[in-house]
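Everything on this sheet refers to the single structure shown next.
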Amino acid sequence: MPKLVILGTSDAVPDERHDNTHMLLLGEERRVLVDCASNPVMRLRQIGIEPNSITDIIMTHFHPDHVSGIPLLLMNMWILKRDKLLKLYGLEHTVRNMEQFLDAFEWSRWLDYPVEIKRLRELKMTLVMESSDFKIISFPVTHFVPTIGLRFEFPKSGKILAYTSDTAPTANVIWLAKDADILLHEASGSSSGHSSAAQAGEMARQAQVKELYLIHYPTGDFDSKSLVAEAAEHFDGPVALAEDFMEFDFD
Ligand SMILES: [Zn+2]
């Protein structure tokens with residue numbers, strides 16, 4: 001059962017075929033949205049998922065292309081008559097800023113279902129949540145603001161998925177991706193807080209992952225066709241671009 005559906009793959013500027021990077025992890029017990037840049041209701045309905053069936057939202061960091069859709073999603077959930085608990089997770093910096101962002105929309109005046117916010121420690125191997133289908137662990141990565149990458153462990157199949165979020169190359173990416181079956185690595189371009197496709201390939205090699213998928217890559221006018229080839233120069237395993245609506249099974 002556990003599967004990941006990619007809902008968006010672009011860096012900060014989306015195009016017609018690539019929404020901002022966000023994804024959904026589906027298990028028997030929990031349905032976890034990772035980041036929420038635009039309004040995910042449309043994308044969720046396109047894959048047959050009711051927005052109010054989402055149980056958890058993990059916010060990797062407080063940048064608009066990762067979390068600016070959260071107030072609107074929470075409002076949509078209220079209009080759609082949500083009554084069950086919604087859990088949000090993020091580092092202190094992310095949570096504090098999100099609370100201020102929601103306060104600006106006077107969320108306490110309209111929100112009538114329970115929301116619980118969990119502050120994650122900014123430490124390696126922090127347990128975010130555990131269910132019968134998967135365990136999610138966070139690692140701080142190297143970006144312009146406090147940011148976490150995520151490691152998903154699936155106990156029934158023994159499979160491992162890793163997602164870097166936004167980061168420059170760092171030892172913590174190697175830790176979080178160690179021996180993963182699939183690494184989703186950002187490839188928005190080399191800078192102090194991001195990685196190039198070549199650097200993603202290098203991280204995949206050092207973490208000894210089985211397959212590398214590039215995500216959070218330049219789209220539209222910034223599209224670059226050479227990303228896969230660039231990463232493959234540094235990593236011997238299969239490399240591909242993640243695409244919107246791609247699914248990964250972890251049975
Ligand atoms: Zn960012």
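Can you tell me which residue within segment 112-149, out of those that are part of a strand (DSSP E or B) and of a type in the set (Ser, Thr, Tyr), is nearest to Met75 (Cα to Cα)?
Here the answer is Thr147.
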Could you identify the single residue in Tyr113, Tyr89 that is among the hydroxyl-bearing types (Ser, Thr, Tyr), surrounded by fewer than 20 Cβ atoms within 10 Å (Cβ to Cβ) and out of contact with any Ser or Thr (no Cβ under 6 Å at 6 or more places or on another chain)? Tyr113
Looking only at segment 36-95, count every residue that is at pLDDT below 95 and among the hydrophobic types (A, V, I, L, M, F, W, C) and tell me the total. 2
Quick test for you: out of Ser190, Ser224, Ser196, pick the one residue that is among the polar types (S, T, N, Q) and at pLDDT 95 or above. Ser196
Limited to segment 44-62, what total is found for residues that are in contact with a helix residue (DSSP H, G or I) (Cβ under 9 Å, 6 or more places away or on another chain), closer than 22 Å to Ile215 by Cα and not in a helix (DSSP H, G or I)? 5
Counting only residues that are within 15 Å of the ligand (Cβ to nearest atom), free of Cβ contacts under 8 Å to residues at least 60 places away in the same chain, open to solvent by less than 10 Å² (accessible area, probe 1.4 Å) and within 24 Å of Arg30 (Cα to Cα), how many does segment 130-183 have? 1
Out of segment 63-93, which residues are assigned to a helix (DSSP H, G or I), in contact (Cβ under 8 Å) with a residue 12 or more places away in the chain and more than 16 Å from the ligand (Cβ to nearest atom)? Pro71, Leu72, Leu73, Leu74, Met75, Asn76, Met77, Trp78, Glu92
Within segment 184-235, can you find the residues that are crowded, with 19+ Cβ neighbours inside 10 Å, of a type outside the set (Asp, Glu) and in a strand (DSSP E or B)? Leu184, His185, His194, Leu212, Tyr213, Leu214, Ile215, Tyr217
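The values are calculated or read from the model by the stated rules, or taken from the named source; none is laboratory data. Keep in mind the model is a prediction, meaning the values are calculated, not measured. Heads up, the Cβs are rebuilt from the backbone with ideal geometry, glycines too, and the neighbour counts pull from every protein chain shown. When the accessible area is computed, the model is the full protein with side chains, heavy atoms only, and any ligands, DNA or RNA have been set aside. Shrake-Rupley method; radii C 1.70, N 1.55, O 1.52, S 1.80 Å.
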